[in-house]
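Take a look at the structure below.
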Amino acid sequence: MAYRLAIIAGTGMDRLSKAISSSDISHIRSDTPWGQVPISAFEVNGCELFLVDRHHSTEAGLRTPPHQIEHRANVHAIRSVNPDLIVSVNSVGTMTESLPPGRVGVVTDVLDLSSNAITFHPSDAVHADRTNLFSTPHMSLLGNAGIDGLVVPTRLVSAQCVGPQFETPAEIQALSLIGADVVGMTLGPESRLVSETGIPHVAICCSSNWAAGMTPGDSSAPIDHHQVEALADSIRSIVADCILTLVVT
């Protein structure tokens, strides 16, 4: 059976599949207890890839905002294709000079103090271990790949905030003080659910903006979502190189 790699991506990554592969892309829908999820399926060097846009459009044709994403549906759909590896791609605001906007980082841990309880086991106590949240062998593959624009630190903690508003400078300062390096709105609950599947997981974060109050030389600089989307889109090729590095033939 061919190696299977699944990707859950969001802001600025709507054309990621074309950046990864020139092969034909098929579109399927996965029925889950929480609604249908569209999946793009394609191949690279004999490896089967499956891509879910976590913000996939609502029935009204609108992009689902981060606080309304049904993460159980997305992860359930991805699990249904029996992947050997799940890759999360998240847009983040950065608090560290080692990962300035325009770079891509490999997340080593998650700081999530804001998500509501979320699980595939609401009626039974199932306690998934999250001590080693992300797959060390796959992170090592990325670290040894020499990808231009990719930062693979020994420690990169991604904080979870609810959204859809961006954070305040006071919130960013507090998150930084307790150990966060970047901040996003989706990886927290997504990683919780993936940990329940037992499938190896890697998280790649796209540094799309300085977090509130962190812009060098201008702590009052505003954050514009359209600029965030544009910058995330511009570093799609780095994400594609990461995915290709993780392809196993």
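The values are calculated or read from the model by the stated rules, or taken from the named source; none is laboratory data. Note that the coordinates shown come from a computational prediction; the quantities given were computed from them, not determined experimentally. Using ideal geometry, Cβ is built from the backbone for each residue, glycine included, and neighbour counts are taken over all protein chains shown. With ligands, DNA and RNA removed, areas are computed over all heavy atoms of the protein, side chains included. Shrake-Rupley method; radii C 1.70, N 1.55, O 1.52, S 1.80 Å.
For a modelled paramagnetic label at residue 148, 7 Å from Cα along Cα-to-Cβ, the residues of segment 206-239 in reach, with backbone nitrogen under 17 Å, are 234-239.
From the square roots a ≥ b ≥ c of the eigenvalues of the alpha-carbon gyration tensor of segment 91-174, which class results: rounded (a/c under 1.5), prolate (a/b over b/c), or oblate? Because a/c hits 1.5 or more and a/b fails to exceed b/c, segment 91-174 counts as oblate. One decimal place: the segment residue 2-residue 237 gains 82.1 nm when fully extended, by the rule 0.36 nm per residue minus the C-alpha distance.
The C-alpha atoms of the chain define a longest principal axis, and helix 225-234 lies at about 60 degrees to it.
Could you tell me whether the chain comes out rounded, prolate or oblate from its Cα gyration tensor? Rule is a ≥ b ≥ c as square roots of the eigenvalues, rounded for a/c under 1.5, then prolate if a/b exceeds b/c, otherwise oblate. Here the chain falls in the rounded category.
I want the local charge near residue 195. Using Cβ-Cβ distances under 11 Å, sum +1 for each Lys or Arg and -1 for each Asp or Glu among the other residues. Within the 11 Å Cβ shell, the charges total -1. On full extension, the segment bounded by residue 225 and residue 170 gains 17.8 nm, given 0.36 nm per residue less the C-alpha separation.
Counted residue by residue at 0.36 nm each, then reduced by the alpha carbon distance between them, the extension gain from residue 121 to residue 67 reaches 17.3 nm. Sorting 123, 195 by accessible area puts them as 123, 195; the probe is 1.4 Å, largest comes first, and only protein heavy atoms count. Adding -39500 (n - 2.57) for every DSSP H run of four residues or longer, then dividing by how many residues the chain holds, sets the calculated 222 nm ellipticity at -7000 deg cm²/dmol. In this label model, residue 129 and residue 155 are separated by 2.2 nm, measuring between points 7 Å along each Cα→Cβ vector.
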